[in-house]
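Student: This is the structure I want to talk about, given as structure tokens.
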Amino acid sequence: GLRRVVISPGSRSTPLTLAFARRADIQRYTAIDERGAAFFALGLALADGQPAAVVCTSGTAAGEYYPAILEADASGIPLLVLTADRPHELRHSGANQTTDQVKLYGGHVRWFVDVALPEQAPAPRTQRSLWTLAARALAAAQGFEAPPGPVHLNFPFRKPLSPSPFTPPPAGEGQGVGASSATLLSRGVLHPTPEQVHALGDLIRQKRRGVILCGVRCPSGEFPQAVTALAREAGYPILAEALSGVRFGPHVDDLVLGGYEAYLKEMPAPDLVLRFGALPVGKGALDWLAGLPPETQVVHISADGRWQDDTHRVRYLLHADPALTCRALREALSTRREAASGSNDWLCAWQAQEQAVPRTGWLPPLVQALPEESNLFVANSLAVRLLGEQVLPMPKRVHVFANRGLSGIDGTIASAAGTAAASRRPTLLLIGDLAFLHDMNSLHLLQQVETPFAILLMNNDGGGIFERLPIAAHEPPFTDLFRMPHGMTFEHAARQFGLGYFGYAQDTPATSLA
């Protein structure tokens, strides 16, 4: 079950904090700021898909969790939100530090329970119900009944909150109620049916001009190898989003394309698009999807069945494990392969366009210099777009992360720190100045990261991303109300948190940065 928790200081949450303090098998992290705590926990879960918990006191502390909960909901990240609360007689009474925390996060959590007040000597059935509560919360967070996401348990407590003398129940009463009463959770994978594989395999055979589009957060593990093998068998190029998990790794060959934003408009429309993962980041790819002719069929193969299609072009949504589906399709295609005549002109045309994309920019040498199996956490806004535009596919295994559920700039430092702490891999955070300012207090969380962690801060004195938008031509109000230059440098902030700092001019050679 649960193996990691992030605790923020508070009095009303004392019983929860003490309960975790007594568990040597659960890794404890601390965070002064609840907003940073929730994003740190989100980063922990983002690293390997395992749920992380957060603990806070009542009142505004619970409200600070909201941005990370919204992100976890949109991204399908398992998060266990444990909020302390005042007892029922103090609610709606004007009591201090008391607000309505019942269903505080609305429809953004997979499950909510307003837990009953603790009892001095609960009956065995009541004790067993708490084990069931824990199991159901973890199951809901991990996607047993719906896509993975956050779960909220609200715990009211009366004083005294600190440990007090406890009289055990009489001998035999409650006997056998303990860890052995816990429900063990195990989740299988969803195989496509033979009929689904047959139908989709026939469609691929009929549509020789096809494309595989791997968007944000495709499954990890065996999926990159499986989708590459399917592409080879089908003769389709793979358009690999930088955040897909497919653009970087030893599976990469000449079918994996990353510079497609530069030439999508020049290519003939495909007859079939096989989509995996969420939608891509780049505007060019989104516009291309939306502008496909009606005869182009778009198939989305989704691990959790979530609807992710703001272009409204998907005509077939297959809810099945993507890696298993790719393997089954490849096998179906190979056993019914038709004789090919000559080279695959369709695939060759895409590969020729990819080869013509200029290899420029300052980011590629940095990514190339990262140690094998490193993390690259990318902030939203300009940073994630530069990564997609500049860094083309490479066989180096780099784990790329970003908060792309709602694509906010908040909580980026905290999320990156959580990802580094959970994965124990060297981590580079690529972040802009506004995102850095937004989450600067989360730098204290880096004290709990035990592996090398570097921040590449792009300080362009304000919102550089807005330079790409039509509003940039309107001055005023562009500079004051959109770009918002701040004139700050950050060497003193680094020193405040005990971090090294190196400043580079805009014309510094990329090799020097690496």
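Any read-out appearing in this document is the output of simple, stated calculations on the displayed coordinates, not a laboratory observation. Everything numeric in this text was worked out from a predicted model, so none of it was measured. With ideal geometry, Cβ positions are generated from the backbone for all residues, glycine too; neighbour counts draw on all protein chains shown.
Student: Cα gyration tensor of the chain, axes a ≥ b ≥ c as square roots of the eigenvalues: rounded (a/c below 1.5), prolate (a/b > b/c) or oblate?
Tutor: Oblate is the answer for the chain, as a/c is 1.5 or above yet b/c matches or exceeds a/b.
Student: Can you list the lysines whose alpha carbon sits under 24 Å from that of K103, skipping same-chain ones fewer than 8 residues off?
Tutor: K159
Student: Work out the FRET efficiency for T193 and S11 from their Cβ-Cβ distance, taking R0 = 60 Å, and round it to the nearest 0.05.
Tutor: With R0 = 60 Å, the Cβ-Cβ based efficiency is 0.65.
Student: If you take every residue apart from R425 with its C-beta less than 12 Å away from the C-beta of R425, what net charge results, scoring Lys and Arg +1 and Asp and Glu -1?
Tutor: -2
Student: Can you pull out the GluC sites (Glu not before Pro) in segment 25-131 that DSSP calls coil and that have at most 15 other Cβ atoms within 10 Å?
Tutor: E119
Student: Take the alpha carbon gyration tensor of segment 4-160, find the square roots of its eigenvalues, order them as a ≥ b ≥ c, and report rounded if a/c is under 1.5; if not, report prolate when a/b exceeds b/c, else oblate.
Tutor: Verdict is rounded for segment 4-160.
Student: Calculate the dipole size of the chain relative to its Cα centre from +1 charges on Lys and Arg beta carbons and -1 charges on Asp and Glu beta carbons; express the result in debye to the nearest 20.
Tutor: With Lys and Arg at +1 and Asp and Glu at -1, about 1200 debye.
Student: Can you spot the lysines whose alpha carbon is less than 17 Å from K283's alpha carbon? Ignore those fewer than 8 places along the same chain.
Tutor: Partners within reach: K265.
Student: Something else about it: How high is the relative contact order of segment 15-161? Use alpha-carbon pairs under 8 Å, at least six apart in sequence, and give a whole percent.
Tutor: The value is 27 percent.
Student: I've got another one for you. Tell me, S8, S13 in order of fewest to most beta-carbon neighbours within 10 Å?
Tutor: Listing S8, S13 from fewest to most nearby Cβ atoms yields S8, S13.
Student: Just flag the trypsin sites (Lys or Arg not before Pro) in segment 97-144 sitting in loop per DSSP whose Cβ has no more than 16 other Cβ atoms within 10 Å.
Tutor: K103
Student: Here is a follow-up. Rounded, prolate or oblate: which fits segment 194-355 when a ≥ b ≥ c are the square roots of the eigenvalues of the alpha-carbon gyration tensor, with rounded for a/c under 1.5 and prolate only if a/b beats b/c?
Tutor: rounded
Student: Note down the nm distance, to one decimal, between modelled labels 7 Å out along Cα→Cβ at D461 and at L184.
Tutor: The answer from the label model is 6.3 nm.
Student: Right, here's the next one. ³J(HN,Hα) across segment 41-54 via Karplus (A = 6.51, B = -1.76, C = 1.60, θ = phi - 60°), whole Hz, x for Gly/Pro?
Tutor: 5, 4, x, 4, 6, 5, 5, 9, x, 8, x, 10, 10, 10
Student: Which distance in nm do the two modelled labels at T479 and F502 give, with both placed 7 Å along the Cα-to-Cβ direction?
Tutor: That separation, rounded to one decimal, is 3.3 nm.
Student: Given labels modelled 7 Å from the Cα in the Cβ direction, how far is it in nm from T132 to W307?
Tutor: About 3.3 nm, to one decimal.
Student: Sticking with this structure for a sec: With unit charges on the beta carbons (Lys and Arg positive, Asp and Glu negative) and the dipole taken about the Cα centre of segment 250-391, which residue among W346, Y316, V367 sits farthest to the positive side?
Tutor: Of W346, Y316, V367, it is Y316.
Student: So if each residue of separation counts as 0.36 nm, and I subtract the Cα-Cα distance between A349 and E373, what length gain in nm does that give?
Tutor: Result: 5.4 nm gained on full extension.
Student: Also, I was wondering about something else. Taking the number of other C-beta atoms within 10 Å as the exposure measure, put I413, I455 in order starting with the fewest.
Tutor: I455, I413
Student: Between L18 and A146, what's the calculated FRET efficiency when r is the beta-carbon distance and R0 is 22 Å? Round to 0.05.
Tutor: Given R0 = 22 Å and the Cβ-Cβ separation, E is 0.10.
Student: Could you please report the charge total around V273, scoring K, R as +1 and D, E as -1 over all other residues with beta-carbon less than 13 angstrom from its beta-carbon?
Tutor: Counting the neighbours of V273, the net charge comes to +2.
Student: With everything on Cα atoms, drop me the angle between helix 412-423 and the longest principal axis of the chain, reported from 0 to 90° to the nearest 10.
Tutor: So the inclination is approximately 90 degrees.
Student: Using a Förster distance of 22 Å, how high is the FRET efficiency between N96 and L406, based on the Cβ-Cβ distance and rounded to 0.05?
Tutor: The pair N96/L406 has a calculated efficiency of 0.10.
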